[in-house]
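Trainee: One structure follows; several queries about it will come next.
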Amino acid sequence: MSALTTRVVEPPRSTASGLFSRMAGDLRDRGYSVCPGALPTALAGGLLAHLHSMSEARFTPAGVGREHGHTLNSFVRTDEICWINGESAAGRDWLAWTTALQQHLNRELLLGLFSFESHFAHYRPGDFYRKHVDAFRGEANRVLSVVAYLNPGWQTGDGGELRLYTGAEDSSLLSVQPLHGTVVVFLSEEFPHEVLPASRDRYSIAGWFRVNGSTADRVDPPR
């Protein structure tokens with residue numbers, strides 16, 4: 001199986017609006033966008049410092065599914081997560097940045113993005129997340145997936161790549177190194193993906209923009 005690895009480029013010099021427009025254009029043209037150096041330096045540094053200050057007890061084994069269908073399955077994934085609720089300064093800065101992204105994408109693409117949820121993810125050496133999709137077609141919950149990486153000094157041989165399957169054939173895939181500050185966004189229903197094992201601790205944020213799926217007898221997203 002061959003994979004195309006993203007080329008590392010200099011961080012974007014444009015304003016946030018320019019960066020968000022680039023993401024919007026990529027989403028319009030191909031359904032995904034990979035932006036090395038997209039996170040502002042201060043934001044990436046603050047998030048990483050907050051991560052390292054957190055107690056390991058704050059992280060719990062990640063599961064699959066939601067609500068009554070939520071289960072732990074170490075065959076599928078072995079990472080640990082901590083949800084971001086804005087109680088820290090770094091978390092609030094992250095949520096402010098994603099709110100600005102949400103507003104920009106709604107203006108340019110009319111996606112109707114309504115809410116956002118995200119968590120820190122810690123992959124210890126050898127951890128993985130097998131091929132999956134973030135939303136099942138037709139459920140209209142998670143619309144857009146966002147991944148941000150917090151790994152200074154990451155080297156090619158460290159592993160831990162995100163594999164994004166971009167076509168019907170398994171050979172049509174994009175391999176993204178978890179370089180510090182890189183942000184990946186993609187349509188949640190359209191692109192299966194997986195996280196390969198790494199040889200060192202790997203940190204990231206995974207998030208999802210959702211539409212409003214609430215009904216008279218059900219609040220979505222569930223609280």
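Rule-based calculations on the coordinates, nothing more; no lab input. None of these values were measured; they are calculated from a predicted model. Backbone-built Cβ (ideal geometry, glycine too); neighbour counts: all protein chains shown.
Trainee: Which distance in nm do the two modelled labels at MET54 and SER74 give, with both placed 7 Å along the Cα-to-Cβ direction?
Mentor: 2.2 nm
Trainee: Assuming R0 = 22 Å, what is the FRET efficiency of GLN103 and THR41, from their Cβ-Cβ distance, to the nearest 0.05?
Mentor: It comes to 0.50.
Trainee: By average Cβ neighbour count within 10 Å, what is the ranking of 179-185, 39-45, 147-153 from highest down? All intermediate terms of the calculation are to be shown ahead of the outcome.
Mentor: Working: 179-185: 22.4, 39-45: 16.7, 147-153: 20.3.
Highest-to-lowest ranking by the protection proxy: 179-185, 147-153, 39-45.
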